[in-house]
Amino acid sequence: MNERILICGGSIAGLALAHWLTRYGFRTTVVERAPALRTGGNGVDVRAQAVEVAERMGIMSRVRELATDVRGMKFVDSSDRAVARVDTLDPASVEIMRGDLVALLDEVTDTEYLFNDSVRRLEQDDDGVLVTFEQAPARRFHLVVGADGMHSTVRRLAFGPEERFVRFKDHYFAFANADASLGEDRWVTMFNTPGRMTGIYRSGNHAQAKAYFMFRSVPLKYDHRDVAEHKRLIGERFAGDGAWRIRELLDSALADPEFYFDALGQVRMTSWHNGRIALVGDAAWCASPASGAGAELALVGAYRLAGELAAADGDHRTAFRRYHTVHRPLVDRKQQIGPNVRIMIPKTAGGRFVRDAVARLPLMNAIGGLDRRLQARNTASLPDYRHPRP
Ligand SMILES: Cc1cc2nc3c(=O)[nH]c(=O)nc-3n(C[C@H](O)[C@H](O)[C@H](O)COP(=O)(O)OP(=O)(O)OC[C@H]3O[C@@H](n4cnc5c(N)ncnc54)[C@H](O)[C@@H]3O)c2cc1C
């Protein structure tokens, strides 16, 4: 049995995977580059099958207690007048702040952590993988799983350079803390100029607020770990624009040490495993924040990967193959983000006019509601892996 498993990355996918593997009797180690679990980020959605996963983990009642109460998106003009509102409330979905979800996952996960560290080299043979860490002494594991996000190191070491797998989707975005008085409670308020969006996220039952920035661009060259450089990039794009509340939002964002910036990108891979090494979460299939599905895919994917390993009695060849087959259709569906991007950030003034006009139609909210109800109804129950397949 492949008993000892290293998971690289201690976020939603990595912790959920560690939780399930431990429950099935595997021994896990989570190596995380940050000095502690990272608590930043906005609201993320626990929806559809991910609700089932959270229920089976015993955290769903806490997720509901900590849920935000955001109603939808509000588009405003430069004098802060709402020109359209889109209701996004979804009865099949619970939104929770990303940091709260990470903390809940940590509470129910019994794993060894290696913080402030990462993998430097992976050498696999017939019996396992010899892992060279940046800090800790080298160790052997039976299997290694990369849960280290869109810029995954495990993917680079075991599958090849990032450029082969990450598709740039023509935009960059940033999230950061904001002054809560700038937003309306229970709404994500967005202000657009062509190819750019500034916004503020306000849940009515949380003290914090989050600023959003997004801009359309050709690919830029920058270090994806250099926060000062990220702040400079956002500052360059937005500092000259005094419209709406851009200046105040920018001031609080640039002062925030948890400032989070990235390219709007998607990870597209034909396979999520190579021998004894596999990927889960954004490292394998990042659909981008524009999908609103990062947490859902991570929770369901981790559940399926751990479950398939348990069902195959640790045989990674069978388990990794089945994991890919059963999880792929959901990933393919969630990677269709075109309409979401067009709504959030119209390319032209004409596009914004059309978006606002359509968003004002009551029909839009009705269609959105119907679509969410149909999706909820079409969600099949996940297998219960405690009872292995015959
Ligand atoms: C700080 C932060 C804030 C975020 N905010 C939002 C948000 O507001 N909205 C949204 O939709 N999505 C956000 N995301 C992304 C979201 O968490 C993911 O899309 C989704 O939940 C899938 O999670 P994941 O575990 O696959 O990847 P991620 O959440 O990206 O986590 C990857 C983890 O791996 C760690 N890591 C990276 N490289 C290495 C390495 N080489 N060695 C060891 N550890 C490594 C990272 O520190 C991180 O903890 C955020 C991610 C982070 C890390």
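Matching residues to (1) modelled with pLDDT of 95 or more; (2) among the polar types (S, T, N, Q); (3) within 21 Å of residue 200 (Cα to Cα):
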{"site": "8", "(1), (2), (3)": "yes, no, no"}
{"site": "21", "(1), (2), (3)": "yes, no, no"}
{"site": "47", "(1), (2), (3)": "no, no, no"}
{"site": "70", "(1), (2), (3)": "no, no, yes"}
**Q.** Complete set of residues in segment 154-173 that are within 12 Å of the ligand (Cβ to nearest atom) and open to solvent by 20 Å² or more (accessible area, probe 1.4 Å)
**A.** 156, 157, 162
Q) Within the bounds of segment 139-149, is there any residue that is away from the ligand (no atom under 13 Å from the Cβ) and open to solvent by 60 Å² or more (accessible area, probe 1.4 Å)? A) yes
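Considering only segment 1-49, state which residues are of a type in the set (Asp, Glu) and over 22 Å from residue 139 (Cα atoms).
45
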Q. In the set 354, 358, which member is touching a helix residue (DSSP H, G or I) at 6+ places or on another chain (Cβ under 9 Å), surrounded by fewer than 19 Cβ atoms within 10 Å (Cβ to Cβ), in a helix (DSSP H, G or I) and of a type in the set (Val, Ile, Thr)?
A. 358
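Could you tell me which of the residues 31, 63 is β-branched (Val, Ile, Thr), at pLDDT 95 or above and part of a strand (DSSP E or B)?
31
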Q. Are any residues in segment 85-120 more than 12 Å from the ligand (Cβ to nearest atom), over 20 Å from residue 19 (Cα atoms) and either in contact with a strand residue (DSSP E or B) (Cβ under 9 Å, 6 or more places away or on another chain) or of a type in the set (A, V, I, L, M) (or both), and if so, which ones?
A. 85, 86, 87, 88, 89, 90, 92, 93, 94
Q: Hey, can you tell me all the residues within segment 121-138 that are more than 11 Å from the ligand (Cβ to nearest atom) and of a type in the set (A, V, I, L, M, F, W, C)?
A: 122, 129, 130, 131, 136, 138
Q: Specify the residue that is nearest to residue 9 (Cα to Cα); the eligible residues are those in segment 29-55 that are among the acidic types (Asp, Glu) and within 12 Å of the ligand (Cβ to nearest atom).
A: 32
Q) Given the structure, is residue 348 loosely packed, with under 14 Cβ neighbours inside 10 Å, polar (S, T, N, Q) and farther than 19 Å from residue 294 by Cα? A) yes
Q. Just to be sure, is residue 250 surrounded by fewer than 18 Cβ atoms within 10 Å (Cβ to Cβ) and over 20 Å from residue 98 (Cβ atoms)?
A. no
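Considering only residues that are in a helix (DSSP H, G or I), of a type in the set (Gly, Ala, Ser) and near the ligand (Cβ under 6 Å from one of its atoms), which ones fall in segment 4-28?
Passing the criteria: 13, 14.
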Q: Go through segment 233-251 and give me each residue that's farther than 16 Å from residue 209 by Cβ, touching a residue at least 40 places away in the same chain (Cβ under 8 Å) and assigned to a loop (DSSP other than H, G, I, E, B).
A: 241, 243
Q: Return the residue satisfying two criteria in turn: it lies in segment 15-27 and is under 14 Å from residue 112 (Cβ atoms) and over 17 Å from the mean Cα position of the chain (by Cα), and of such residues it is surrounded by the most Cβ atoms within 10 Å (Cβ to Cβ).
A: 18
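To keep it simple, each residue is scored yes or no on (1) closer than 27 Å to residue 268 by Cα; (2) in the same structural domain as residue 301 (by TED's automatic domain parsing).
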position: 112; (1), (2): no, yes
position: 115; (1), (2): no, yes
position: 122; (1), (2): yes, yes
position: 126; (1), (2): no, yes
position: 134; (1), (2): no, yes
position: 143; (1), (2): yes, yes
position: 175; (1), (2): yes, no
position: 180; (1), (2): no, no
position: 188; (1), (2): no, no
Q: Test residue 219 against the stated conditions and say whether it is assigned by TED's automatic domain parsing to the domain that holds residue 37 and either part of a loop (DSSP other than H, G, I, E, B) or within 12 Å of the ligand (Cβ to nearest atom) (or both).
A: no
Q: For residue 287, work out the one condition from (1) more than 12 Å from the chain's Cα centre (by Cα); (2) assigned to a loop (DSSP other than H, G, I, E, B) it doesn't fulfil.
A: (1)
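Matching residues to (1) without any contact (Cβ under 8 Å) to a residue 40 or more places away in the chain; (2) open to solvent by 20 Å² or more (accessible area, probe 1.4 Å); (3) on the phi > 0 side of the Ramachandran plot:
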| residue | (1), (2), (3) |
| --- | --- |
| 29 | no, no, no |
| 36 | no, yes, no |
| 46 | no, no, no |
| 80 | no, yes, yes |
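The values are calculated or read from the model by the stated rules, or taken from the named source; none is laboratory data. Just so we're clear, the structure is a prediction, and the values are computed from it rather than from any experiment. Don't worry about glycine lacking a Cβ; one is built from the backbone with ideal geometry, like all the others, and counts go over all protein chains shown. For accessibility, only protein heavy atoms count, side chains too; no ligands or nucleic acids. Shrake-Rupley method; radii C 1.70, N 1.55, O 1.52, S 1.80 Å.
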